[in-house]
1. If we keep just the residues of region 121-136 that are among the β-branched types (V, I, T) and in a helix (DSSP H, G or I), which is nearest to T11 (Cα to Cα)?
2. If I ask for residues that are under 19 Å from R52 (Cβ atoms), buried (at least 17 other Cβ atoms within 10 Å of the Cβ) and of a type outside the set (V, I, T), which ones from region 11-37 would you list?
3. Could you please give the count of residues in region 38-51 that are within 15 Å of L90 (Cβ to Cβ) and surrounded by 18 or more Cβ atoms within 10 Å (Cβ to Cβ)?
4. Would you check which residues across region 60-77 are closer than 21 Å to E6 by Cα and surrounded by fewer than 17 Cβ atoms within 10 Å (Cβ to Cβ) and list them?
5. Among the numbered criteria (1) out of contact with any strand residue (DSSP E or B) (no Cβ under 6 Å at 6 or more places or on another chain); (2) surrounded by 16 or more Cβ atoms within 10 Å (Cβ to Cβ); (3) at pLDDT below 95, which single criterion is violated by L3?
6. Would you tally the residues in region 78-102 being within 19 Å of R52 (Cα to Cα), among the small types (G, A, S) and crowded, with 18+ Cβ neighbours inside 10 Å?
7. Mind checking which residues of region 117-133 are of a type in the set (D, E) and more than 20 Å from A100 (Cβ to Cβ)?
Amino acid sequence: MDLDLERLFATLHRHKVVYVLIGGLAAVFHGSPFPTEDADITPDTDGANLTRLAAALRELHARIRTESVPEGLPFACDAQALAGAQTWNLVTDVGDLDIAFRPAGTYGYADLHRGAAKAELYASTVEIASLGDVIRSKQAANRPKDQRVLPTLRELLAKK
């Protein structure tokens, strides 16, 4: 399923979820030419925010993404369940959504929030991780897909 970013951002915004957009989409915002097939966010871990995030995820019919079950597996989508894992890979009605409470190389929301920029995307205000923070996280994750994009992201940062 293609990402419906307009609906994703609108739903998170309507539920007043506090988060930073990270990963490939944040890199694209900063000029990366590499497409991405999912959205990645780092939410604030405050209990009230997790409750709002859970409500947004329920509205989007979030399910745990797994290769063996393409439509995803149901889970207890509430604040307590969300707080019980550091990373969630989800399939939703608006496409794949990954939630990382503490992305590689970062200390989580407060750390990423410091350097984030706010932008109007599809009529929603979205906080987007800085290119430096995206690079720091991809460097720390050190996955093959990150290794491929890092030289280009470093070039983009050098031009800023």
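1. Filtering region 121-136 for residues among the β-branched types (V, I, T) gives 125-126, 128, 134-135.
Within this subset, residues satisfying the condition of being in a helix (DSSP H, G or I) are 134-135.
Details: V134: 24, I135: 28 Å.
Restricting to residues being among the β-branched types (V, I, T) and in a helix (DSSP H, G or I), the top hit is V134.
2. Residues satisfying the conditions are L12, H15, Y19, L21.
3. Looking only at region 38-51, we keep the residues that are within 15 Å of L90 (Cβ to Cβ), and these are 38-43, 50.
With the extra rule that they be surrounded by 18 or more Cβ atoms within 10 Å (Cβ to Cβ), the set shrinks to 39-43, 50.
Qualifying residue count, region 38-51: 6.
4. Result: H61, single match.
5. Only one criterion is unmet by L3, namely (1).
6. Total meeting the criteria: 2.
7. Our first condition is that a residue be of a type in the set (D, E); within region 117-133, this holds for 120, 127, 133.
Residue satisfying the conditions is E120 alone.
Table: residues versus (1) surrounded by 12 or more Cβ atoms within 10 Å (Cβ to Cβ); (2) free of Cβ contacts under 8 Å to residues at least 60 places away in the same chain; (3) in contact with a Cys (Cβ under 6 Å, 6 or more places away or on another chain).
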residue	(1), (2), (3)
A104	yes, yes, no
A116	yes, no, no
A119	yes, no, no
V126	yes, no, no
G132	yes, yes, no
A140	yes, yes, no
Q147	yes, yes, no
L150	yes, yes, no
E155	no, yes, no
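The values are calculated or read from the model by the stated rules, or taken from the named source; none is laboratory data. What you see is a predicted model, and the numbers here were worked out from it, not measured in a lab. Glycine also receives a Cβ, built like all others from the backbone with ideal geometry; neighbour counts cover every protein chain displayed.
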